[in-house]
Amino acid sequence: MMPGLRLAGILLRLGIELARGLWRMRAWPRLSAQQRQAAIRAWSRRMLGATRTRLQVLGRPHEGACLMAANHVSWLDIMALNAAHPTRFVSKAEVRHWPVLGRLVAGAGTLFIERERARDAMRVMHDMAQCLRNGEHVSVFPEGTTSDGTHVLALHANLFQAALSADTPVQPVLLRYVDDATGAPSRAPVYVGEDTVMDTLRLIAAGGSLRVVVHYLPALRGQDRRQLAAAVHEALSRALQEPLSAR
């Protein structure tokens, strides 16, 4: 199929899934927490399917309350993580104002932070700790921005304070995007610098099918947030060097 036709098909499917997600949010107040998780997982998997991306999960999410710390590569990351195991997310406040997707992300219980305001960071940290005390999983992208996926950027240690305050472990989660046929790293979904969502979609349409690998690494504990940040960075970086099979 020609890339232009493939892109049109991707955009059509994404539009349908976004509209379907907004429609189903009307029933959100009537759903139990378990039903919401199932709905989020199913919708996220369909969104990945619309972008020709297959999900592969390695390892298991920690049982019980846990702060999950993932590397950040693409705007698809939240869909990939929710497709594997739905969690609460901490995201920059601008995401709330994204057309359509912002409403869906907010409806899934995302905690939004205005990074420029120190007091807002303290508020979100308190909310994160309370979610953890309530037994929930909370996911963060401690790099604070996206990378091209070839390495892990320095991590912001302050995000780990919530786990210390709630006395819960931190689980590193590695995200990798690869060509589904060969297992070779793919840059198509990378969302850095001046890249736009449409740029990524054009690259996805022009190439082969993708696979996103969500790799849950062993959970960690620590007495200090900087120690935790260093340990998570080491675990993610080490796992990133491990080879992946073609399938």
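The values are calculated or read from the model by the stated rules, or taken from the named source; none is laboratory data. No experiment lies behind these values; they were computed from the predicted model shown. All Cβ positions, glycine included, derive from the backbone under ideal geometry; neighbour counts span all protein chains shown. In case anyone asks, the SASA skips ligands and DNA or RNA and just uses the protein heavy atoms, side chains included. Shrake-Rupley method; radii C 1.70, N 1.55, O 1.52, S 1.80 Å.
Below is a table of values for the structure above.
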read-out	value
Matching residues in segment 137-156 - criterion: being open to solvent by 20 Å² or more (accessible area, probe 1.4 Å) and either out of contact with any Phe, Trp or Tyr (no Cβ under 8 Å at 6 or more places or on another chain) or assigned to a helix (DSSP H, G or I) (or both)	His137, Phe141, Gly144, Thr145, Asp148, Thr150, His151, Leu153, Ala154, Leu155, His156
Residues of segment 157-184 that turn out to be farther than 13 Å from Ala69 by Cα, open to solvent by 30 Å² or more (accessible area, probe 1.4 Å) and part of a helix (DSSP H, G or I), as a count	2
Unmet requirement for Glu63, which otherwise passes all of (1) of a type outside the set (A, V, I, L, M); (2) modelled with pLDDT under 90; (3) out of contact with any helix residue (DSSP H, G or I) (no Cβ under 9 Å at 6 or more places or on another chain)	(2)
In segment 60-99, the residues that are over 21 Å from Gly193 (Cα atoms), in a loop (DSSP other than H, G, I, E, B) and either among the aliphatic types (A, V, I, L, M) or out of contact with any Phe, Trp or Tyr (no Cβ under 7 Å at 6 or more places or on another chain) (or both)	His62, Glu63, Gly64, Ala65, His85, Pro86, Thr87
Check on Arg187, open to solvent by 60 Å² or more (accessible area, probe 1.4 Å) and not in a helix (DSSP H, G or I)	yes
Of all residues in segment 197-243 being charged (D, E, K, R), within 20 Å of the chain's Cα centre (by Cα) and farther than 30 Å from Asp167 by Cα, the one that is least open to solvent (accessible area, probe 1.4 Å)	Arg211
Residues that are open to solvent by less than 60 Å² (accessible area, probe 1.4 Å), within 21 Å of the chain's Cα centre (by Cα) and over 14 Å from Val105 (Cα atoms), drawn from segment 16-45	Ala38, Ala42
